[in-house]
Amino acid sequence: MSPTLNVDALTPAWSPSADVIDHARVTQFMRWLEAERGLSFANYDALWQWSVDEIDAFWLALWDWAGIPSIRKPSVALADATMPGAAWFPGVQMNYVEQVFRHAAAGRPAIVYRDEAGEAGEISWAELERQVAGLASSLRGMGVVRGDRVAAYLSNTPHAIVAFLAVASIGAIWSACAPDMGDLAVLDRFRQIEPKVLIAVDGYRYGGREFDRRPVLRTLLEQLTSVEHVVVVPTLRGQDDHHGLSNVVTWAEAISKHALPLNVEHVPFDHPLWIVYSSGTTGLPKPIVHSQGGIVLEHVKLTTLHLDLHAGDRFFWQASTGWIMWNLQVGGLLAGATVCLFDGNPGYPDMNALWRFIGEAEVNVFGAGAAYFQACEKSAIEPRNVANLSQLRAIGSTGSPLSPEGYRWILDRVGPIWINALSGGTDFAGCFVAGVPTLPVFLGEMQSRCLGARVEAFDDAGNAVVDEVGELVCTAPMPSMPLCFWNDKGNARYRDSYFDMYPGVWRHGDWVRITSRGGAIIYGRSDATINRHGIRMGTSELYRAVEELPEVLDSMVVDLEYLGRESYMPLFVVLRPGAELTPALTGSIRQRIKVALSARHVPNDVFQVSAIPRTLSGKKMELPIKKLLLGQPLVKVASPDTMANPESLDWFAQFAADRTAMAR
């Protein structure tokens with residue numbers, strides 16, 4: 001029986017065939033549980049309930065089923081369930097890279113790649129291991145030891161995967177930024193972690209243009225005094241000039257050492273694997289530390305049981321190295337999949353570029369940010385008419401909510417296919433809700449809560465609700481939750497970020513509705529954090545960049561991303577006396593943001609205001625203004641007696657009213 005398509009919102013838009021259900025990895029897992037543990041489950045809902053009720057048993061079972069190699073077989077999964085501070089798999093010694101290469105196969109590539117200019121190739125498992133071993137040997141020669149930080153300023157090419165695996169193999173700690181990020185944004189991240197080695201491109205190509213990043217690289221090395229060695233990946237055509245940089249090694253030199261076989265450093269389960277960054281509304285970006293073991297378990301679970309990757313599948317998630325989905329894409333190697341990479345503008349030379357690559361690379365599972373599918377819909381393209389998509393069996397979406405219209409576009413223009421919408425976060429490098437290949441798909445609704453993720457929607461009183469919008473919370477620990485924030489004494493910032501509203505319960509910062517059939521609908525951010533085209537960013541970085549301009553005294557930005565609407569991000573500025581927001585100044589503000597941070601940070605519009613609303617303690621009232629601009633009444637979003645300047649609300653109230661009138 002073939003999959004069926006139905007676009008009635010009250011019935012499934014897609015249902016799995018009997019063959020899909022029979023061959024699904026989650027079905028295999030359930031059969032294994034019955035054979036090896038004597039556990040039988042009638043359906044996925046029953047399996048999920050067991051996974052969150054019997055946390056220790058679930059994660060131990062996943063470890064055994066996946067065959068994760070370790071020095072000693074674990075007997076306990078969760079030694080301490082306190083949040084934050086849960087302790088996992090005590091005494092276990094392992095390495096992420098060992099789980100990757102246990103899947104090495106001579107007959108298929110580990111990586112398939114292409115860039116926007118058409119340059120393409122494959123890397124075999126043997127060649128991947130050779131390059132990883134060579135770079136690991138070079139890093140050891142540079143004095144890198146367990147626990148040292150290695151920073152990367154790299155594009156979405158095989159170099160980044162090789163570098164990450166080399167760093168992880170010796171127990172060092174990886175941290176990456178995409179090369180489209182400006183020097184200020186990169187320094188705000190890397191300065192906090194004091195890397196010993198920097199691996200960087202000299203430039204990148206995007207939209208048919210070359211971008212020289214050597215000036216940024218020089219700035220980074222001037223400011224990052226901890227860096228002792230630099231590995232440069234040459235990208236600019238016809239350029240090999242390093243402009244006097246000292247201690248530079250080229251990529252070719254760094255991977256050339258004959259270091260096979262690859263020797264991995266076994267580390268404790270809770271040894272740091274990487275540091276990733278998630279920006280809040282105040283202060284520097286949060287440097288989030290995840291463990292080797294926690295990421296292996298979470299990504300094995302996601303790639304096999306929720307993405308349904310089989311060994312030899314071809315897995316492609318369009319991402320940059322600065323987005324946590326790049327990390328999950330690399331995690332496809334943990335399941336034995338071939339990872340497919342596309343570097344460049346996904347809309348260049350036209351919006352069919354990725355679809356052609358999907359066909360040429362024979363991709364089985366493809367994913368991208370919801371904004372990408374929205375752009376495809378607006379471009380009125382017909383993917384199945386420009387590429388052979390016969391091998392494609394699943395499409396994933398994340399970053400922001402995929403609207404029902406987005407679902408319909410995929411089903412109409414790509415074909416009747418499993419749509420696997422995910423939602424999670426950089427914060428724990430995983431997902432709270434995602435797809436299951438054995439369940440039906442309903443338009444605009446994510447299929448299920450993830451195994452091992454005790455996710456609820458809380459009302460204002462902290463009660464779990466169903467079929468009502470509430471705060472997305474997780475009431476039990478997961479292995480990939482952060483070990484800590486780097487240099488966060490006493491875990492104060494960590495606690496404030498996730499546990500301030502409900503002690504002992506993770507509050508994620510999203511509005512969610514858990515449906516009576518077990519699915520979930522995400523409605524956007526419940527806080528003032530920006531979710532710009534799927535990339536989560538903080539407002540504090542933008543304020544620093546804007547307010548360095550002499551004309552700008554104060555500023556506020558809000559992201560009005562919401563289910564079914566295109567992201568709209570206005571910036572409001574207070575200028576010094578006598579200054580006016582001319583087109584020239586607006587251009588200067590936009591350029592400053594683009595250069596210091598990235599093109600994604602650039603607002604849709606800039607408006608001049610007389611004052612930024614602030615509380616009595618001086619905090620910018622970002623969330624109340626966001627709620628106001630999303631249509632909530634002024635009396636419900638702000639109380640004048642708690643404000644330092646209540647008169648400042650008048651302009652924003654009128655602005656909100658004008659927006660509402662224009663939308664009618």
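The numbers here are math on the coordinates, done by the rules we state, and not lab data. Treat the numbers as computed from the prediction; the structure is a model and nothing was measured. Because the Cβ atoms are built from the backbone with ideal geometry, glycine has one as well, and the counts that use them run over all protein chains shown.
The count of lysine pairs in the chain whose Cα atoms are under 26 Å apart, excluding pairs fewer than 8 places apart on the same chain, comes to 22. Distance between the pseudo-spin-label points of Glu382 and Glu360 (7 Å out from Cα toward the beta carbon): 2.2 nm.
Remark: the stretch 168-174, residue by residue, has Karplus-estimated 3J(HN,Hα) of 5, 5, 9, x, 7, 10, 8 Hz, where x stands for each Gly or Pro and the curve is 6.51 cos²θ - 1.76 cosθ + 1.60 at θ = phi - 60°. Scaled against 2.2 N^0.38 Å for its residue count N, the alpha carbon radius of gyration of the stretch 530-663 is 1.03.
Quick one: of the DSSP bridges fully inside the stretch 109-265, what percent are antiparallel, nearest 5?
Numbers: 9 of 26 bridges.
Here the antiparallel bridges make up roughly 35 percent for the stretch 109-265.
Reducing the stretch 44-99 and the stretch 307-381 to their Cα centroids gives an inter-centroid distance of 29 Å.
Here the 3J(HN,Hα) profile of the stretch 96-107, calculated from phi with Karplus coefficients 6.51, -1.76 and 1.60 at θ = phi - 60°, is 3, 5, 5, 5, 5, 7, 5, 9, 4, 9, 6, x Hz, Gly and Pro shown as x.
Within the stretch 355-439, DSSP assigns beta bridges of which about 25% are antiparallel (rounded to the nearest 5). Residues whose amide H falls under 5 Å from that of Asp554, counting only those 5 or more places apart or on a different chain, are Val574, with hydrogens built in the peptide plane.
Could you check what % of the DSSP bridge pairs in the chain are antiparallel, to the nearest 5? The partial results should precede the final answer.
Numbers: 57 of 98 bridges.
Antiparallel bridges make up about 60 percent of those DSSP assigns within the chain.
Listed by Cβ neighbour count within 10 Å, with the fewest neighbours leading, Lys196, Lys489, Lys378, Lys620 appear as Lys489, Lys378, Lys196, Lys620.
Ordering Arg449, Arg209, Arg507 by the number of other Cβ atoms within 10 Å of each residue's own Cβ, fewest first, gives Arg209, Arg507, Arg449.
Considering helices alone, the calculated mean residue ellipticity of the chain at 222 nm is -8500 deg cm²/dmol, with DSSP H runs of length four and up weighted by -39500 (n - 2.57) and normalised per residue. Dipole orientation for the stretch 530-663: of the candidates Val574, Val602, Leu649, Val602 has the Cα lying most toward the positive pole (charges on Cβ; Lys, Arg +1; Asp, Glu -1). Which one, Leu165, Pro613, Ile530, is farthest towards the positive end of the dipole of the chain when Lys and Arg carry +1 and Asp and Glu -1 on their Cβ? About the Cα centre, the residue reaching furthest to the positive side is Leu165.
Between Thr82 and Asp605, the distance separating the two model label sites (each 7 Å from Cα on the Cα→Cβ line) works out to 5.1 nm.
Using the Stokes-Einstein relation with a Kirkwood hydrodynamic radius computed over Cα pairs, the translational diffusion coefficient of the chain at 4 °C and a viscosity of 1.567 mPa s comes to 50 µm²/s.
Candidates Ile255, Leu629, Gly208 compared by Cα position along the dipole of the chain: farthest toward the positive end lies Ile255, with charges placed on Cβ. Across the stretch 109-265, counting alpha-carbon atoms alone, Rg and Dmax equal 15.0, 41 Å. In terms of packing, defined here as the mean over residues of other Cβ atoms within 10 angstrom, the peptides 465-478, 30-43, 79-92 line up highest first as 465-478, 79-92, 30-43. Please grab the % of Cα pairs in the stretch 248-351 that end up more than 19 Å from each other. Beyond 19 Å sits 62 percent of the P(r) for the stretch 248-351. The fewest-to-most ranking of Asp650, Asp270 by surrounding Cβ atoms within 10 Å reads Asp650, Asp270. Calculated FRET efficiency, Gln49 to Ser516, Cβ-Cβ distance, R0 = 22 Å: about 0.90 to the nearest 0.05.
Simple point charges give the picture: +1 on the Cβ of Lys and Arg, -1 on the Cβ of Asp and Glu, and for the stretch 530-663 a dipole about the Cα centre of about 420 debye.
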